[in-house]
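Following: one structure in structure tokens, then a few remarks.
The values are calculated or read from the model by the stated rules, or taken from the named source; none is laboratory data. Please read all numbers here as calculations on a predicted model, not as lab measurements. Here Cβ is always computed from backbone atoms with ideal geometry, including for glycine, and neighbour counts include all displayed protein chains.
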Amino acid sequence: MEARQVALESRSPQRPDDLVVEVEEAGTEAVAGAVERARAAAARWAAAPALERSAALVAAADALAGAAEEVTGLVVREVGKPVTEAGAEVGRGVGILRYYAQQALDPDGETYPGPSPAGLLLARRRPRGVVGLITPWNFPVAIPLWKAAPALAFGNAVVLKPSPESTAVALRLAELLAPALPDGLLQVVPGGAETGTALVDRVDCVSFTGSVAVGRRVAVAATERGIPSQAEMGGLNASIVLPDADPQRAAGVVAGAAMGYAGQKCTATSRAIVVGDPARFTEALIAAVGDLAVGDPAEAATVIGPVITEPARARVVAAAEEAAAAGGRLLTGGTAGDGAGWFVTPTLVDRLAPDARLAQEEVFGPIAVVLAVADEDEAVRVANGVRYGLVGSVFTGDLDRALHLAARLDTGMIRVNAPTSGVEYLAPFGGEKDSSFGPREQGKAARDFYTSTRTITVLPEGSGEPQRGAPVNRARG
Ligand code: NAD
């Protein structure tokens, strides 16, 4: 019997009186039911030919492409993502489904030199079974799909627990993809922490994206159950600007990476570390941030919409106030925006020590610091002197210096003359230190997580075990 029924509401951050969806949270029993259905579907799906799985993912991609405009509109409405970015995210979701449709047809293992010339030694990939996905709200299409597409391609079933703030997008996504997939193969269980916990307690592996605090908890719970987990978590990404870099160009890129989608990306730039005199860069950055259009995310020109909730807005304002009290100089912003939505003015702070809280902890909003350093060694020390290690970038025209600096940064991804924000789904994605736990996501790396290996030995009939003393692998375990 369900203990109680809890209604979950998801509201539009630009118009909080707009109730986007109201659903019942999936309680423990509902989660157990979903996992049971998924388990039955997984068994059939794992036995389906790879060509069938591939074709289903192509059909899923076509279904999403056919509804791209509608889904884009829903992303704008539910999570306040500016429409241009939201459209690009939906396009990326389609690309991800097509990409993993092809990977379903890749070789499914390796062969090794066998115990005898006619024998075979194979390592084949097998799906894990039922995969639990726990996702944040900030990429409500791309993150569920960059997990679900490889999981499905390699023969697993998926149960997705989206963030409560992106429930409507997750439900619509599953509805759109349903005709392309066997029943029960992709299900959504709406809810918050309790639903997530119930899911972790029942599935065969867990892929999580979200904050460090929750990711750690999920990884511990999964490990206690002896199931594999991966967690992609927060960032505090730095862009290092070397003295030879064009300050205008670098500032333009950093402004977009720091403030685009109101800074609500794990890959957003939170720290600009300027080697030498920071004056020209800082002036250019203030101007570049001032040029970014703040407003209704449904407008094509908008770069900065609202933050996701009222507490998120309060966190940004409090962080700016605390930074000012700690001796920082507020260069721009730091206040709640006008109107009904959860708008906050894009905020830049300089003259803070690198160990100030704003330079150490993720706020997850449109706020960034400018830190001045004397030389490249100090830039590396400051860049690496945080507990996160997701992505770093370097601005310079000097490839040699860029390569030397890149080799010293403790981040999972390094970009030269490019924004910290941006994800290539063809390549492994993930961070170091507190930013990530477990194997990488995306690209060819995804297969390592969503499959396990069966090592299979085959000998010609009648050959039996090689005789003692025979000239084949003597050291057997
Ligand atoms: P969050 O950690 O609050 O929530 C993430 C998910 O975990 C949600 O679905 C939430 O309902 C669920 N959850 C909460 N408590 C749980 C529990 N006890 N057990 C199981 N599940 C639980 O994060 P958020 O606010 O949704 O997202 C913002 C965070 O996500 C930021 O820290 C950001 O940096 C990070 N993020 C990281 C990446 C990445 O790839 N590294 C990408 C996007 C966002």
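Which numbered condition trips up residue 226, out of (1) more than 16 Å from the ligand (Cβ to nearest atom); (2) farther than 19 Å from residue 131 by Cβ; (3) without any contact (Cβ under 8 Å) to a residue 40 or more places away in the chain?
(2)
On the given criteria, is residue 68 among the small types (Gly, Ala, Ser) and in contact (Cβ under 8 Å) with a residue 40 or more places away in the chain? I'd like the intermediate steps shown before the answer.
On the way: among the small types (Gly, Ala, Ser): yes; in contact (Cβ under 8 Å) with a residue 40 or more places away in the chain: no.
So residue 68 fails the test.
Hey, can you tell me all the residues within segment 317-336 that are surrounded by fewer than 18 Cβ atoms within 10 Å (Cβ to Cβ) and either not assigned by TED's automatic domain parsing to the domain that holds residue 304 or not β-branched (Val, Ile, Thr) (or both)?
318, 321, 322, 324, 325, 326, 327, 329, 330, 336
Here are some residues: 421, 436. Which one is farther than 29 Å from residue 244 by Cβ, within 15 Å of the chain's Cα centre (by Cα), at pLDDT 95 or above and not basic (Lys, Arg)?
Numbers: 421 fails: farther than 29 Å from residue 244 by Cβ.
The unique qualifying residue is 436.
Have a look at 161, 147 and point out the one that is under 21 Å from residue 180 (Cα atoms), within 15 Å of the ligand (Cβ to nearest atom), touching an Asp or Glu at 6+ places or on another chain (Cβ under 8 Å) and basic (Lys, Arg).
Values: 161 fails: touching an Asp or Glu at 6+ places or on another chain (Cβ under 8 Å).
After applying the criteria, what remains is 147.
Could you look through segment 189-210, keep only residues that are of a type in the set (Val, Ile, Thr) and over 23 Å from residue 439 (Cα atoms), and pick out the one that is farthest from the ligand (Cβ to nearest atom)? Lay out the reasoning, then the answer.
Let us first name the residues in segment 189-210 that are of a type in the set (Val, Ile, Thr), namely 189, 195, 197, 200, 203, 206, 209.
Among the residues that remain, those that are also over 23 Å from residue 439 (Cα atoms) are: 189, 195.
Details: 189: 10, 195: 7 Å.
By that ranking, first place goes to 189.
Specify which of the listed residues (382, 391, 386, 349) is away from the ligand (no atom under 16 Å from the Cβ), within 25 Å of residue 252 (Cβ to Cβ) and in contact (Cβ under 8 Å) with a residue 60 or more places away in the chain. Talk me through it step by step, then tell me what you get.
Numbers: 391 fails: away from the ligand (no atom under 16 Å from the Cβ); 386 fails: away from the ligand (no atom under 16 Å from the Cβ); 349 fails: in contact (Cβ under 8 Å) with a residue 60 or more places away in the chain.
Going through 382, 391, 386, 349 in turn, the sole match is 382.
Is it the case, given these coordinates, that residue 213 is near the ligand (Cβ under 10 Å from one of its atoms) and free of Cβ contacts under 8 Å to residues at least 12 places away in the same chain?
Numbers: near the ligand (Cβ under 10 Å from one of its atoms): yes; free of Cβ contacts under 8 Å to residues at least 12 places away in the same chain: yes.
Criteria met by residue 213.
Just checking, does segment 349-367 include any residue being in contact with a Pro (Cβ under 9 Å, 6 or more places away or on another chain) and over 21 Å from residue 210 (Cα atoms)?
yes
Take the residues in segment 139-170 that are within 19 Å of residue 211 (Cβ to Cβ) and among the β-branched types (Val, Ile, Thr), then tell me which one is farthest from the chain's Cα centre (by Cα). Quick ask: steps written out before the conclusion?
Applying the first criterion (within 19 Å of residue 211 (Cβ to Cβ)) to segment 139-170 yields 139-140, 142-144, 146-147, 160-167, 170.
With among the β-branched types (Val, Ile, Thr) added as a condition, the list becomes 143, 167.
Details: 143: 5, 167: 17 Å.
Residue satisfying both the conditions and the ranking: 167.
Any residue that is of a type in the set (A, V, I, L, M, F, W, C), surrounded by 24 or more Cβ atoms within 10 Å (Cβ to Cβ) and within 16 Å of the ligand (Cβ to nearest atom) - is there at least one of those in segment 277-291? Break it down into steps so the answer makes sense when it comes.
In the first step, residues of segment 277-291 are kept if they are of a type in the set (A, V, I, L, M, F, W, C); the result is 279, 281, 284-289.
Applying the additional criterion that residues be surrounded by 24 or more Cβ atoms within 10 Å (Cβ to Cβ) yields 281, 285, 289.
Add one more test, that the residue is within 16 Å of the ligand (Cβ to nearest atom), and what stays is none.
No: zero hits.
For segment 173-188, state whether one or more residues are within 9 Å of the ligand (Cβ to nearest atom) and either outside any strand (DSSP E or B) or under 21 Å from residue 56 (Cβ atoms) (or both). Spell out the reasoning first.
Here is the first cut: in segment 173-188, the residues within 9 Å of the ligand (Cβ to nearest atom) are none.
Scanning segment 173-188, I find no residue that is within 9 Å of the ligand (Cβ to nearest atom) and either outside any strand (DSSP E or B) or under 21 Å from residue 56 (Cβ atoms) (or both), so the answer is no.
Restricting to segment 360-376, and then to whatever is within 16 Å of the ligand (Cβ to nearest atom) and outside any loop (DSSP other than H, G, I, E, B), can you tell me which residue is surrounded by the fewest Cβ atoms within 10 Å (Cβ to Cβ)?
Of all residues in segment 360-376, those within 16 Å of the ligand (Cβ to nearest atom) come to 360-368.
Remaining after also requiring outside any loop (DSSP other than H, G, I, E, B): 367-368.
On the way: 367: 27, 368: 31.
For segment 360-376, the residue satisfying everything is 367.
Would segment 105-116 turn up any residue that is closer than 30 Å to residue 7 by Cβ and assigned by TED's automatic domain parsing to the domain that holds residue 447?
Of the residues in segment 105-116, the ones closer than 30 Å to residue 7 by Cβ are none.
Checked against the condition, which is being closer than 30 Å to residue 7 by Cβ and assigned by TED's automatic domain parsing to the domain that holds residue 447, segment 105-116 yields no hits at all.
Give the residue, chosen from 307, 303, that is in contact (Cβ under 8 Å) with a residue 12 or more places away in the chain, among the hydrophobic types (A, V, I, L, M, F, W, C), away from the ligand (no atom under 16 Å from the Cβ) and more than 25 Å from residue 376 (Cα to Cα). Walk me through how you get there before you give the answer.
Values: 307 fails: away from the ligand (no atom under 16 Å from the Cβ).
Every option except 303 fails the conditions.
Which of (1) on the phi > 0 side of the Ramachandran plot; (2) out of contact with any helix residue (DSSP H, G or I) (no Cβ under 8 Å at 6 or more places or on another chain) is the odd one out, the single condition residue 438 does not satisfy?
Going through (1) on the phi > 0 side of the Ramachandran plot; (2) out of contact with any helix residue (DSSP H, G or I) (no Cβ under 8 Å at 6 or more places or on another chain) one by one, residue 438 breaks only (2).
Taking segment 22-73 only, how many residues are over 24 Å from residue 193 (Cα atoms) and either assigned to a helix (DSSP H, G or I) or of a type in the set (D, E, K, R) (or both)? Even if it seems obvious, please write down each step before you answer.
Here is the first cut: in segment 22-73, the residues over 24 Å from residue 193 (Cα atoms) are 40-73.
Subsequent filtering for residues that are either assigned to a helix (DSSP H, G or I) or of a type in the set (D, E, K, R) (or both) retains 40-47, 50-66, 68-73.
The qualifying residues number 31.
Are any residues in segment 414-447 out of contact with any Lys or Arg (no Cβ under 9 Å at 6 or more places or on another chain) and without any contact (Cβ under 8 Å) to a residue 24 or more places away in the chain, and if so, which ones?
Residues satisfying the conditions are 414, 416, 424, 443, 445.
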